[in-house]
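Contents: one structure, followed by commentary.
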Amino acid sequence: MTDAEKFVVFPAGELNCAVPAASVAELVLPQEVFSFPHTSREILGVILRRGRVVPLYDLAGLLNLPESAPAYYHLIAVRQTAEATELAAIPVSGECDLISADVLPAKSPLPGVVGELIWDSRSYELLDLDKLIAAGSRQ
Amino acid sequence: MSVRVNSPHSRRGEPVVIFRVGSQRFVIASAEVEEIRDLHQGSVPGFIMTRGNGRQIPVVAADWIFGVEPARLEQLLVLKLRRVAVAIERIEAMAELREIVALPRGFHGRERTWYRGLGLLRQQILPVVNAAIFADSAREMSAEPAMAERAKANSGI
């Protein structure tokens with residue numbers, strides 16, 4: 001099994017989500033969030049991790065969820081944008097697992113939801129954080 | 001009260017002024033600040049302040065520029081070379097900033113022009129404002145007739 005076939009699954013409020021394990025840099029306890037005025041609505045603030053400033057994205061907002069759940073962890077992912085590689089953090093509202101599963105076609109019409117995983121009798125939305133964030137920044 | 005700001009660079013870092021507007025804190029390079037004045041008569045954006053040398057310069061309100069909740073503006077940062085003053089709530093501290101990091105690329109809005117970057121100061125992250133935006137805002141205000149009228153009405157403070 002390769003990293004590309006592994007996924008980190010986690011709850012985001014009432015939604016079960018997954019991201020490719022290869023894109024996950026770290027899973028950490030919630031860090032202090034520093035906020036300052038800005039107009040990028042999909043960003044909640046920034047966290048400081050290992051001396052690096054990492055934007056914390058509003059995953060609930062990006063997924064059009066009714067409300068944000070308290071963060072149990074911050075999942076820090078590596079984003080590959082056209083210009084550079086950058087870290088991005090998202091709040092995770094419960095326990096996470098590392099799993100392997102087959103990817104099924106996405107049922108959700110949301111941009112950034114690129115597939116569905118079934119694991120332990122549950123359905124997980126497979127997220128492409130680059131696409132999700134890019135779509136959020138265009139709104 | 002009026003305080004002249006001297007800001008020689010030290011080997012340790014860039015001298016900065018930390019100021020507050022409402023619940024937000026910002027940093028500006030001390031080298032950009034000529035003088036810090038108390039603001040005795042309350043504040044509205046757009047008034048003209050008469051300087052000791054007879055020069056008049058526009059005053060912009062920091063809460064208006066950054067779109068934060070209206071703040072009790074009690075002090076003025078008179079900027080060097082920019083022909084503008086900024087009404088702020090208060091100065092919090094002077095410090096030396098050892099590191100300024102670029103704003104993450106995920107930020108794509110007006111903040112890219114508002115800030116030079118983010119300053120790391122004693123495990124805190126503070127936005128380092130780009131002083132040029134205050135002069136730009138003053139020009140925007142003067143272009144709005146309503147603001148210009150307000151400026152006239154409040155001139156001579």
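For region A:68-79, what does the Karplus curve 6.51 cos²θ - 1.76 cosθ + 1.60, with θ = phi - 60°, yield as ³J(HN,Hα) per residue in whole Hz, taken in order and with x for Gly and Pro?
Values, residue by residue: 7, 8, x, 7, 8, 9, 10, 8, 9, 10, 9, 9 Hz.
Please list, in chain and number order, the residues 5+ apart from A:Ala69 or on another chain whose amide H is under 5 Å from its amide H, with Hs placed from the backbone.
A:Gly13
Filter the GluC sites (Glu not before Pro) in region A:4-63 down to the DSSP loop ones having no more than 15 other Cβ atoms within 10 Å, then list what survives.
Working: sites: A:Glu5, A:Glu14, A:Glu26, A:Glu32, A:Glu42; in loops: A:Glu14, A:Glu32, A:Glu42.
Sites meeting the loop and neighbour criteria: A:Glu14, A:Glu32.
If I take R0 = 45 Å and measure r between the Cβ atoms of A:Leu110 and B:Arg122 in this structure, what FRET efficiency does the formula 1/(1 + (r/R0)^6) give, to the nearest 0.05?
Numbers: r = 40 Å, r/R0 = 0.89.
Using R0 = 45 Å, I get an efficiency of 0.65.
Given H placed on each backbone N at 1.01 Å, which residues far from B:Asn130 in sequence or on other chains put an amide H within less than 5 Å of it?
Correct list: B:Tyr115, B:Arg116.
So, with +1 on the Cβ of K and R and -1 on the Cβ of D and E, and no other charges, what is the size of the charge dipole of region A:3-138 about its Cα centre, to the nearest 20 debye?
Dipole of region A:3-138, to the nearest 20 debye: 360 debye.
Write down Rg/Rh for region A:8-59, rounded to two decimals, with Rg from the C-alpha atoms and Rh from the Kirkwood relation over Cα pairs. Write down the numbers at each step before the final one.
Numbers: Rg = 12.5 Å, Rh = 12.7 Å.
Rounded to two decimals, Rg over Rh is 0.98.
List the residues, sorted by chain then number, that are 5 or more residues from A:Asp58 or on another chain and whose placed amide H is less than 5 Å from its amide H.
When sequence neighbours closer than 5 places are left aside, the close amide H contacts are A:Ile43, A:Leu44.
Each residue of region A:103-112 in order: what ³J(HN,Hα) in whole Hz does its phi give by Karplus 6.51 cos²θ - 1.76 cosθ + 1.60, θ = phi - 60°, with x for Gly and Pro?
Karplus-based 3J(HN,Hα) across region A:103-112 equals 9, 9, x, 5, 9, 6, x, 5, x, x Hz.
Along Cα→Cβ, 7 Å out, is where each label goes; now give me the distance between the ones at B:Arg139 and A:Leu29 in nm to one decimal.
5.0
Tabulate in residue order the Karplus-calculated ³J(HN,Hα) for region A:14-21, using 6.51 cos²θ - 1.76 cosθ + 1.60 with θ = phi - 60°, rounded to whole Hz; enter x for Gly and Pro.
Karplus-based 3J(HN,Hα) across region A:14-21 equals 8, 9, 9, 10, 9, 9, x, 4 Hz.
By how many nm would the segment from B:Arg105 to B:Ala93 grow when fully extended, if each residue of separation counts as 0.36 nm and the alpha-carbon distance is taken off?
Details: separation 12, 0.36 × 12 = 4.32 nm, distance 2.89 nm.
Here the segment from B:Arg105 to B:Ala93 would lengthen by 1.4 nm.
In region A:1-110, what trypsin sites (Lys or Arg not before Pro) fall in a loop by DSSP, with at most 16 other Cβ atoms inside 10 Å? List each step's numbers first, then the result.
On the way: sites: A:Lys6, A:Arg41, A:Arg49, A:Arg50, A:Arg52, A:Arg79, A:Lys107; in loops: A:Arg41, A:Arg50, A:Lys107.
In loop regions of region A:1-110 (DSSP not H, G, I, E or B), the sparsely surrounded trypsin sites (Lys or Arg not before Pro) are A:Arg41, A:Arg50, A:Lys107.
Tell me, how many Å apart are the Cα centres for region B:92-127 and for region A:75-101?
Rounded to whole Å, the Cα centres lie 24 Å apart.
Determine the relative contact order of chain A: mean sequence separation of Cα pairs under 8 Å and six or more apart, normalised by residue count, in whole percent. Intermediate values should be presented prior to the final figure.
Details: 299 pairs, mean separation 37.4, N = 139.
In percent, rounded to a whole number, it is 27.
Looking only at region A:21-37, which residues have a backbone nitrogen under 18 Å from a spot 7 Å from the Cα of A:Ser68 in the C-beta direction?
The answer is A:28-37, whose backbone nitrogens lie closer than 18 Å to the label point.
Hull surface divided by four, with the convex hull built on the Cα atoms of region A:35-139: how many nm²? Present the calculation step by step, with values, prior to reporting the outcome.
Working: hull surface 31.8 nm².
It is 7.9 nm².
All of the numbers you see were taken from the coordinates with simple rules; none came from a lab. Computed from a predicted model, the values in this text were never measured in an experiment. A quick note on method: Cβ atoms are made from the backbone with ideal geometry, for glycine too, and the neighbour counts reach across all protein chains shown.
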